[in-house]
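> A single structure is presented below for examination.
The values are calculated or read from the model by the stated rules, or taken from the named source; none is laboratory data. From a predicted model like this one, the values you see are computed outputs, not experimental measurements. Positions of Cβ are backbone-derived with ideal geometry, glycine not excepted, and every protein chain shown enters the neighbour counts.
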Amino acid sequence: MIQGWGKGKRAVTSSNAAFAIIRPLIDEVRLMPEHGELRVEIRGVLAGILALSAQNNVTGVSLPRAGL
């Protein structure tokens with residue numbers, strides 16, 4: 001057996017499961033150039049969750065309200 005094989009396989013499975021849970025919460029993702037960088041704009045339920053957590057300072061990160 002290859003050493004570490006089980007860990008990698010579980011990580012992929014966990015990643016796929018996380019994607020399957022989060023994906024339905026996103027309606028649209030836009031990448032918008034701004035000042036030589038890309039701004040990511042998320043629309044959907046996930047955007048609302050992130051905005052609420054930012055308002056309550058749960059994450060300690062300030063997110064712009066654009067994209068809701």
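> The conditions are (1) surrounded by 10 or more Cβ atoms within 10 Å (Cβ to Cβ); (2) at pLDDT 90 or above; (3) not small (Gly, Ala, Ser), and Glu37 fails exactly one of them. Which is it?
Against the list (1) surrounded by 10 or more Cβ atoms within 10 Å (Cβ to Cβ); (2) at pLDDT 90 or above; (3) not small (Gly, Ala, Ser), Glu37 comes up short only on (1).
> What are the residue pairs meeting all of these: first residue in the range 1-28, first residue within 16 Å of Gly48 (Cα to Cα) and among the β-branched types (Val, Ile, Thr), second residue at pLDDT 65 or above and part of a loop (DSSP other than H, G, I, E, B), Cβ atoms under 6 Å, and 6 or more apart or on different chains?
Ile26/Gly44
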